[in-house]
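All remarks here apply to the structure that follows.
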Amino acid sequence: MSRCAMQFKITSRLHVLRAERRMTQEQLAREIGVTRATIAAIERGDYNPSLELAFRLARFFDRDIEAIFSVEEGEQ
Amino acid sequence: MKRYDSVLLRVFLWGIPAIAVLAFSASQGDWTSADPAGWLHLLNRGFGIILALWMGLSLFLSLRMILSEPLRDAVLTRLTFIRERDEREALLTGRATKATFLMSLAILILLFGLSAIQVSVYRVPPERAIHGKTGMVTMGVGFCLLDQAERKISGTVVPRQDIFSYAGLPLSSSAVILILIAVQILFYNISVRRLIR
């Protein structure tokens, strides 16, 4: 199977980084400019953010994108 | 949304309770038999002009909604409770809209089928029996571009006793359109809630 046909599962460390800063989902959402439900969905792994939102989060936490989001590969 | 669209929309919305009050007061008495020179007749005339202007405005705004995207967005997103506060909600709105579109299409196909078919089950007198059988079933498919005043089932010259007869949807076109609007709004909201959960 080619690597392109692999399925990616994106996991985030957003809840860890948020906890380090002692922020609520609501506060982070307000800072980033999204709804609290979106932050909650990203943390649960129910929603993969767009590149733009991922960069906004990375910039806010002053990290690389890969320090927030990691990819697990699995077969389709 | 352009400024005059906004002003006209407000006039239309504020006009709804005014029209309701006028309709209620008009139903309270026989204004048509009022003295032509009297104030009641003048008032009735005034109300008629207001109603005509409001109806004209509602038609104009309906047309503007088709032509103007900002007006359409401003009015219909509120009417259908569409919320796109961030990219996730925009994505969910897109998915729910697709589901709603496909559901509406499925309903329209069903309605088209129901409006086109004609089925009739009936009995004919014994002298008209075919191979000794008096029970008959006729089926047909019809399509008319324009509404007919009265639907007719083909082959009704034989005297017969109808058991079951179906010749297209019994609903009026206005009722079908209203049902479709309601179904669209309802199904969209159900889809969004299911996706958000």
What's the angle, to the nearest 10 degrees (0 to 90), between helix B:69-79's Cα axis and the longest principal axis of chain B? 70
Shielding by partners for B:79-89, please: the mean number of other protein chain Cβ atoms within 10 Å of each residue's Cβ. 4
At 1.4 Å probe size, put B:HIS41, A:HIS15 in order of accessible surface, largest to smallest. A:HIS15, B:HIS41
Global size of chain A as Cα Rg and Dmax, reported in angstrom: 13.2, 43
Ordering B:PHE112, B:PHE12, A:PHE69 by accessible area with a probe of 1.4 Å, largest first, what comes out? B:PHE112, B:PHE12, A:PHE69
For the charge dipole of region B:90-150, defined by +1 on Lys and Arg C-beta atoms and -1 on Asp and Glu C-beta atoms about the Cα centroid, which residue among B:LEU108, B:PRO126, B:LEU92 has the Cα displaced farthest towards the positive pole? B:LEU92
Compactness index (Cα Rg / 2.2 N^0.38 Å), region B:80-197: 1.64
Taking the Cβ of B:PRO125 as the center, what net charge do the other residues with Cβ under 15 Å away carry, scoring Lys and Arg +1 and Asp and Glu -1? +2
For the A:ARG30, B:LEU180 Cβ pair and Förster radius 35 Å, calculated FRET efficiency rounded to 0.05 is 0.30
For B:GLU89, what charge total do you get from the other residues with a beta carbon under 13 Å from its beta carbon, if Lys and Arg give +1 and Asp and Glu give -1? +3
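The values are calculated or read from the model by the stated rules, or taken from the named source; none is laboratory data. What you are looking at is a predicted structure, and each value in this text was computed from that prediction instead of being measured. Glycine gets a Cβ as well: all are built from the backbone with ideal geometry, and neighbour counts include every protein chain shown. All accessible areas refer to the heavy atoms of the entire protein, side chains included, with ligands and DNA or RNA removed. Shrake-Rupley method; radii C 1.70, N 1.55, O 1.52, S 1.80 Å.
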